[in-house]
Amino acid sequence: MIEKRDFYIDGKWVAPLEGSEHKVINPSTEEPCTVISLGGAKDVDAAVAAAKAALPGWMATAPEERIALMEKLADVYKSRTEDMAQAISTEMGAPIEMARSSQWGAGYSHLKNFIKAAKDFKFVKPLGDHAPNDRIIHEAVGVVAMITPWNWPMNQVMLKVGAAVAAGCTMVLKPSEESPLSAVVFAEMMDEAGFPAGVFNLVNGDGMTVGTALTGHEDVDMVSFTGSTRAGIAISKNAAGTLKKVHLELGGKGANLVFADADDKAVKRGVLHMMNNTGQSCNAPSRMIVEASAYDQAVETAAEVANKVEVGPASEEGRHIGPVVNEAQWGKIQDLIQKGIDEGARLVAGGTGRPEHLNRGFYVKPTVFADVTSDMTIAREEIFGPVLAIMKFEDEDQAVEMANDTVYGLTNYVQSSDGARRNRLAAKLRSGMVEMNGESRGAGAPFGGMKRSGNGREGGVWGIEDFCEVKAVSGWSND
């Protein structure tokens, strides 16, 4: 068992004022790995009060001083790579090699990108030559409530904390109760880096209690939430009473359009991308939509690739996938796989149940369905597990129609050697991000979606802007 830690409020580790205890389950073993305190409304009030008290001084701190603390945090974060990797691997099941690289690395790269963006960010700038005495000021939005999920813990924490620190906001973080260990390690890092008391606060809790208290709190100026669309809608309704700013990063059902002229590795790349992090990514390419003339070969290749994906405990070294996060998620995925079978999709790899060599832990077989149609449940619902649905299109117009036929709009993918076609599709696909031919977005590119995938953008300059209010000033003195 890992040592129990409580809340970090106003620069101190404190015991909860109310609430209960919660066992954190290691998904590889189904055994408890630690016990955490779940807070209540009084704990939220204390954390928000600390953030509110710290706000005037922190807002007035020169950007250069905030950046210096961010650079100190980057050093501390790097020095504790193994601590963070072990925490993430234990709490949510990322294989330890992946936890050390991608999971830890996502947080580190976002922080470095925020440091770069902050150094170039103009918090005060002229309106234009036509108005020499006008200035546009970007100032901190205020106290921010941050609610993060379990699937990429440091990716999502750093996208919020890094932007808020750069903008001059103070904050209260409520991580998922499924992945609190990494958040505790992160709070230790913020403390070691020397951030002033009250700038960063951590309260563990569930969504119904702590989440509701935070998002409706009258002294919280902004909510930044990453999670399910269902929860995002509930948060928006709860926050509406105080007219606070609400930033949402929600679900996805990404389409991966594979044309007949795609490169030889396009299908394999798409399958492995889908299976990465055991399919627990909102931007996963979960619908592979293939041109008819290349369809049969794509299905055969996808099945071969999926059948070679190894599944094993998160604690073991190697390039395998681990379990999904908990029993409830495992059960939901099993139900959706069975739904695919019942609705007539052709199962070409995987299926229900655990892999044969694993009889304990929340493990899912890497699964591929072919002959999926747009009306099937597995084509419409976000599964959040290693389950790929393959569909067929006849021409480019139909491909676009199928890709856009979803309530989501986070990330779409295109595989084609035709540059003009790629450019056309980039304009037609209704999503916040489009990635083509396996090329990832560049450092500092904005992350976010359209439709029921949320609003706002995270990362780089766009992330800092989202944590700012814009103030127009006339009569500015140039003396």
Output the number of residues of the stretch 374-394 satisfying the condition of being free of Cβ contacts under 8 Å to residues at least 60 places away in the same chain and in a loop (DSSP other than H, G, I, E, B). 3
Does Glu18 satisfy being in contact with an Asp or Glu (Cβ under 9 Å, 6 or more places away or on another chain), in contact (Cβ under 8 Å) with a residue 60 or more places away in the chain and open to solvent by 40 Å² or more (accessible area, probe 1.4 Å)? no
Criterion violated by Val324 - all others in (1) under 17 Å from Ala284 (Cβ atoms); (2) part of a helix (DSSP H, G or I) satisfied: (2)
Quick one: which of Ala46, Ala68, Ala74 is more than 23 Å from the chain's Cα centre (by Cα) and under 25 Å from Gly459 (Cα atoms)? Ala68
Selection over the stretch 351-364 where residues are buried (at least 24 other Cβ atoms within 10 Å of the Cβ) and either hydroxyl-bearing (Ser, Thr, Tyr) or without any contact (Cβ under 8 Å) to a residue 60 or more places away in the chain (or both) yields a count of 1
Any residue at all in the stretch 46-56 that is in a loop (DSSP other than H, G, I, E, B), in contact (Cβ under 8 Å) with a residue 12 or more places away in the chain and open to solvent by less than 40 Å² (accessible area, probe 1.4 Å)? no
With Ala240, Ala231, Ala260, Ala197 as the choices, which residue is without any contact (Cβ under 8 Å) to a residue 12 or more places away in the chain, surrounded by fewer than 22 Cβ atoms within 10 Å (Cβ to Cβ) and not β-branched (Val, Ile, Thr)? Ala240
How many residues are assigned to a helix (DSSP H, G or I) and either buried (at least 21 other Cβ atoms within 10 Å of the Cβ) or hydroxyl-bearing (Ser, Thr, Tyr) (or both) if we restrict to the stretch 291-302? 6
Yes or no: Ala68 at pLDDT 95 or above and open to solvent by less than 60 Å² (accessible area, probe 1.4 Å)? yes
Where in the stretch 204-273 are the strands (runs of 3 or more DSSP E), entirely inside, with at least 1 residues that are at pLDDT 95 or above and closer than 11 Å to Ala145 by Cβ? 222-226, 245-249
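The values are calculated or read from the model by the stated rules, or taken from the named source; none is laboratory data. No experiment lies behind these values; they were computed from the predicted model shown. All Cβ positions, even for glycine, are placed from backbone atoms using ideal geometry, and neighbour counts span all protein chains on display. In case anyone asks, the SASA skips ligands and DNA or RNA and just uses the protein heavy atoms, side chains included. Shrake-Rupley method; radii C 1.70, N 1.55, O 1.52, S 1.80 Å.
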